[in-house]
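Below is one structure; the comments refer to it alone.
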Amino acid sequence: MRPRVILFGLAAIVIVGLGLLSIVDQLLVDYLWYGRLELGGVFNTTVGSEIAIFLIVWMVAFAAIFSSGLVATQMSRDRERLRVVRRPDEIVEVNLPELVRALGERMPWRTIVAGVAAVLAIFVAQGEAAGWDTYLKAVYGVPFGIAEHAFGYDVGFYVFSLPLLEELRDLWMVILFLSAAMAAAVYWIRGALDFSESPPRIAPAAGVHALVLLGIFFMQRALGYWLARFNLLLHTNGVVFGFRYVDQILWRPGLWLMVALCLAAAAICLVNARDRSLRTPVMAFVIVFGPALILNFLQPVIERLWVKPDELRIERPYLEQNIAMTRHAYALDTVDVKPFGGQGRLTPAALEADAPTVRNIRLWDPRPLIDTYRQLQEIRTYYNFFDVDIDRYWIDGKYTEVMLSPREMNLDALAGNAQTWVNQHLKFTHGTGLAMSPVNRKDSEGMPIFYVKDIPAISEAGFKVTQPAIYFGEAPDNYAIVNAATPEFDYPKGADNVFSFYSGSGGVPVSGLWRRLLFSIYFRDINLLVTENIVDKSKIMIRRNILNRIQYIAPFLSIDSDPYAVIHDGRLVWIVDCYTASDHYPYSQRNVDQLNYIRNSVKVIVDAYTGATDFYVADPADPIVRTWQNVFPKMFKPMSAMPADLHAHIRYPEQFFLIQAGIYSTYHMTDPQVFYNREDLWGVPRENYAGQTVQMQPYYVVMRLPGEAREEYMLMLPMVPAGRDNMIAWLAARCDGADYGHLFEYSFSKDKLFYGPYQIQARINQNPEISRQLSLWNQMGSKVLLGNLLVIPIQDSLLYVEPLYIRAENGQLPELQRVIAAWSDRVVMADTLDLTMAALFANPPSAAPVIASAIATQPGPQAATKTPLAPDSTLENAAQHYNRALSALRAGDWSEFGIEMKKLGDQLSPAGDAAHP
């Protein structure tokens with residue numbers, strides 16, 4: 001052989017060998033990792049399914065492609081000469097290129113075709129094996145117990161079986177295309193095709209082969225049209241999502257006609273395969289695509305002349321199905337709708353009745369608070385707070401809402417000369433502890449009061465963090481080696497550092513030459529192989545980002561982007577919400593992610609120290625998660641198996657709630673006529689933040705629902721009419737105990753105007769006193785930030801609360817300096833929530849904020865306006881009443897608070913002024 005051919009062969013062997021080595025290495029690493037997580041069954045089922053699908057698809061693809069190439073080889077001759085008559089006395093000869101002829105002389109054509117077919121089949125099989133979940137869902141699918149009305153199939157057919165049938169349809173087309181390409185290549189190389197002339201010259205054998213393949217193509221199209229009938233339930237015309245009137249009278253019979261015509265065209269091609277003219281393929285295409293064009297032409301005619309003039313009546317039964325199925329697909333069919341009159345008057349007695357709600361009004365916005373945490377609690381530059389989460393704990397016997405953030409390692413913040421392999425993988429391996437603060441308290445400087453702070457973690461609220469190390473979290477993935485020859489950096493202590501060794505069960509043993517070689521190849525890192533720091537007890541921790549970790553274990557689940565940490569048995573664990581979803585739910589409207597079915601079916605617990613990952617079924621009624629339980633019977637646990645103190649911290653996820661709110665904004669209309677006319681479309685409110693108008697996000701609150709006996713943790717969101725800013729309703733999702741997941745809609749009376757968040761913010765900016773103060777602060781080298789505006793239902797009235805932060809224009813340390821509240825036509829601002837609540841009941845309402853500033857003792861920007869409103873004696877008496885009211889407020893004595901506030905109002909009223917000239 002020529003040296004060039006030998007080199008080419010060696011290069012091919014090396015490339016194939018490296019590819020196989022990478023695959024084997026990946027499988028071995030996964031085998032060890034799944035085993036340490038006690039999820040070996042998941043690995044076995046997943047890999048076994050991939051291998052089985054790969055082998056079956058490879059054999060089918062190879063057989064089809066090889067057979068097509070082999071037939072082409074046998075039906076042609078090497079260096080065959082095409083006899084194409086241009087003129088009666090002229091014969092044109094076409095010869096093979098010299099290079100291809102030389103290859104054919106040294107190797108049998110059967111071997112060449114088999115080799116090419118084997119390689120092409122690998123690519124086909126690899127793509128199918130990657131979709132193993134589609135095959136397993138179809139095999140293990142659980143019925144939904146709901147039949148759609150068009151064809152009478154269970155919804156499970158559309159969610160589980162139809163995606164596989166569509167996959168097989170597409171696989172058929174890919175294999176057919178590659179088979180045709182193989183045949184064309186063989187015919188061209190062997191001289192049976194010549195594309196250099198116009199028109200191309202085709203040998204009779206190649207023509208026969210082409211007609212056979214064309215017949216198979218029409219069979220594939222017959223399957224495609226048969227499946228297209230079911231897709232009629234998965235499309236929209238803008239009025240109805242799913243099956244429509246035009247589908248019933250036109251496309252349902254029309255697609256059956258197309259199936260029959262495709263089979264007829266296939267028969268014509270196969271029966272007349274030896275016909276050398278173009279008549280047969282042209283006839284087949286006309287038979288199939290002529291009626292298809294006619295059907296597409298008839299649809300707009302029927303819609304314009306028949307449907308549109310009486311669309312509501314004609315489409316009504318299909319609209320009813322669309323509404324009912326969409327509401328079920330998004331778990332909106334159980335929303336409990338209640339009226340909210342909003343006619344109540346906000347009084348001290350109402351606040352007393354809802355004292356737990358008022359006590360937990362959130363004043364800290366996560367957006368500025370993350371900057372405050374970073375400035376006050378990162379302690380060292382190589383730590384970072386990635387996100388601030390909101391949760392609730394029992395503290396001193398009170399149900400208390402808190403904000404917290406774990407302190408994780410940030411390797412990117414290490415100094416340049418410290419960015420060594422040892423530091424990145426053996427020394428700086430984990431974060432430590434967390435910062436936690438109540439949602440509604442601040443110190444005299446406007447900083448949060450910490451329940452948990454510093455390194456090592458200390459707490460004045462009774463929290464014990466005995467194992468603060470965070471090896472698994474939200475930080476970017478970076479493998480770590482623990483129990484190496486050198487100890488790990490644990491935490492800073494003054495000017496010194498504390499070092500330690502890992503004592504948990506996490507990680508995969510990495511000692512021994514073959515394991516070091518295995519992970520060295522996996523990470524493409526020679527240091528793992530040559531370092532002397534790996535000893536007998538060393539372990540390697542991989543996939544430490546919790547979202548990537550869960551995605552790797554369960555790629556069939558959609559993962560919420562906002563995990564949150566919980567203190568559990570003295571250590572930190574992560575709770576991650578996961579979803580089962582589909583885009584094949586019949587009649588159901590698709591959301592912005594093109595999904596039309598979703599459930600928050602799984603809660604995942606990840607231990608921040610060991611990486612132990614547990615999957616709990618939160619919605620056992622969901623057929624998709626039940627299907628995956630059939631596939632992986634040992635992977636999922638019931639919620640009853642979750643530790644009670646962790647179960648107390650599960651919450652309804654914001655992401656899911658926002659998706660539901662987006663769909664509910666249209667599908668709260670259950671009357672087809674109202675729905676058709678879009679008479680009551682809703683939207684999510686707007687709010688201003690940092691000078692930008694953004695969509696309001698759902699927010700967690702501890703509050704007592706109207707008519708309920710006790711406060712509870714819930715997620716809520718106001719709703720506004722589409723294109724307007726006044727409030728029309730508010731939605732709530734309960735998070736506690738047996739009521740978890742219960743959705744409420746509190747619908748407002750349409751006879752009264754209820755201010756929306758954006759309108760309240762406009763009123764705040766238009767308030768002369770507040771506007772003047774904001775302008776003053778913004779002109780003094782500071783920047784004012786208005787945080788989340790919360791709408792808090794208090795019995796039968798609405799209280800609006802918005803925190804105000806001040807930070808240096810170029811600084812990153814926001815301070816909570818004011819609290820703004822609004823109710824009815826009143827808008828007030830004071831230093832604290834207590835003062836603001838008192839100001840809200842003052843008469844006149846603007847007096848109390850001024851008094852609050854006048855009697856404030858804290859230094860700094862709290863001393864705002866000191867213009868006297870009355871003679872000194874009047875102000876002194878008013879201040880005394882105000883201080884007594886404030887003391888009563890802090891003591892929870894709302895009766896005394898009401899009495900003193902009434903006296904304060906009398907003191908500052910015109911009659912009071914006359915009494916004190």
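What the table below lists for this structure:
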| quantity | calculated |
| --- | --- |
| Region 642-736: GluC sites (Glu not before Pro) in DSSP loop, at most 14 other beta carbons within 10 Å | Glu679, Glu708 |
| Accessible heavy-atom area order of Met325, Met59, highest first, probe of 1.4 Å | Met59, Met325 |
| Over region 629-739 - Rg/Rh using Cα atoms and the Kirkwood inverse-distance radius | 1.08 |
| Taking the chain and dividing mean pair separation by its residue count, relative contact order in percent (alpha carbons under 8 Å, at least six apart) | 10 percent |
| In order through region 476-484: 3J(HN,Hα) via Karplus (6.51 cos²θ - 1.76 cosθ + 1.60), integer Hz, x for Gly, Pro | x, 4, 7, 5, 10, 10, 10, 6, 7 |
| Using alpha-carbon coordinates, inclination of helix 366-377 to the longest axis of the chain, degrees | 80 degrees |
| Whole-percent carbon and sulfur share, accessible surface of the chain, 1.4 Å | 58 percent |
| Per-residue SASA entry for Leu517, accessible area with 1.4 Å probe, Å² rounded to 10 | 80 Å² |
| Label point at Thr236 placed 7 Å out along Cα→Cβ; residues across region 590-608 whose backbone nitrogen lies under 16 Å | 590-598 |
| Solvent-accessible ranking of Arg710, Arg392, Arg590, Arg686, largest area first, probe 1.4 Å | Arg710, Arg686, Arg590, Arg392 |
| Distance (nanometres) between label positions extended 7 Å along Cα→Cβ at Ser775 and Gln697 | 3.3 nm |
| Amide H partners (placed H, <5 Å) of Gln467, local residues excluded | Arg571 |
| Computed helical MRE - 222 nm, the chain, DSSP H runs ≥ 4 contributing -39500 (n - 2.57), nearest 500 | -13500 deg cm²/dmol |
| Computed lengthening from Lys537 to Ala762, 0.36 nm per intervening residue step minus Cα-Cα distance | 74.7 nm |
| Most positive-pole-ward Cα, Leu293, Trp306, Pro317, against dipole of region 272-317 from beta carbon charges | Leu293 |
| Size of charge dipole - region 508-638 - debye, nearest 20, with Cβ of Lys, Arg +1 and Asp, Glu -1, no other charges | 420 debye |
| Rounded tilt (10° steps) of 311-329 against the dominant C-alpha axis of the chain | 70 degrees |
| Contour minus Cα-Cα distance for Thr111 and Asp593 (0.36 nm per residue) | 168.8 nm |
| Computed FRET value (nearest 0.05) for Leu55 with Asp25, which takes r as the C-beta separation and R₀ as 30 Å | 0.90 |
| Simple spin-label estimate for Asp525 and Leu278 in nanometres, 7 Å along Cα-Cβ | 6.3 nm |
| 10 Å-binned pair-distance histogram of the chain (Cα, whole percent) | 2, 9, 15, 17, 17, 15, 11, 7, 4, 2, 1, 0, 0, 0 |
| Given charges at Cβ of Lys, Arg, Asp, Glu: the chain dipole, positive-most of Gln673, Leu705, Asn360 | Gln673 |
| Farthest toward positive dipole pole in the chain [+1 Lys/Arg, -1 Asp/Glu at C-beta], among His881, Ser775, Ala150 | Ala150 |
| Debye intensity ratio I(q)/I(0), log10, region 779-833, q values 0.21 Å⁻¹ (C-alpha model) | -0.78 |
| Square roots of 5 times each gyration tensor eigenvalue, C-alpha, region 600-668, largest first, Å | 25, 17, 10 |
| Candidate residues Trp777, Trp256, Trp58: accessible-area rank, largest first, probe 1.4 Å | Trp256, Trp58, Trp777 |
| About the Cα centre, charge dipole magnitude for the chain (Lys/Arg +1, Asp/Glu -1 at Cβ), debye | 2980 debye |
| Residues of type aspartates and glutamates that Lys493 reaches as a straight line, Cα spacing below 19 Å, ignoring anything fewer than 8 places off in the same chain | Glu378, Glu408, Asp454 |
| Alpha-carbon Rg/Rh ratio, for region 573-620, with Rh computed the Kirkwood way | 1.16 |
| Under-5 Å amide H pairs with Phe340, H placed in peptide plane, nonlocal only | Ser747, Phe748, Ser749 |
| Region 330-374: mean projected area of Cα convex hull, nm² | 6.5 nm² |
| Student exercise, region 733-812 dipole from Lys, Arg, Asp, Glu Cβ charges, in Debye to nearest 20 | 320 debye |
| Asp569 versus Ile6: modelled label distance in nm, points set 7 Å from Cα along the beta carbon direction | 6.5 nm |
| Of Lys137/Lys603; Lys464/Lys539; Lys338/Lys750, pairs whose Cα-Cα distance is over 23 Å | Lys464/Lys539 |
| Tensor-based shape of region 695-822 (alpha-carbon gyration tensor, a/c under 1.5 rounded, otherwise prolate or oblate) | prolate |
| Cα gyration tensor shape of region 472-566, rounded if a/c is under 1.5, else prolate or oblate by comparing a/b with b/c | oblate |
| Cross-link partners of Lys537 among lysines (Cα-Cα below 26 Å; sequence separation of 8 or more within a chain) | Lys427 |
| Solvent-accessible surface (1.4 angstrom probe) belonging to Asp371, in square angstrom, nearest 10 | 30 Å² |
| Accessible solvent surface per residue of the chain, calculated while the other protein chains remain in place, 1.4 angstrom probe, Å² | 44 Å² |
| Efficiency of FRET from Cβ geometry, Asp825 and Ala181, R₀ 51 Å, rounded to 0.05 | 0.10 |
| Amide N of region 742-766 lying under 11 Å from the label point, which is placed 7 angstrom from the Cα of Asp336 along Cα→Cβ | 742-745 |
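The values are calculated or read from the model by the stated rules, or taken from the named source; none is laboratory data. Note that the coordinates shown come from a computational prediction; the quantities given were computed from them, not determined experimentally. Virtual Cβ from ideal backbone geometry, glycine too; neighbours counted across all protein chains shown. Side chains are part of the model used for accessible areas, which takes the heavy atoms of the whole protein and leaves out ligands, DNA and RNA. Shrake-Rupley method; radii C 1.70, N 1.55, O 1.52, S 1.80 Å.
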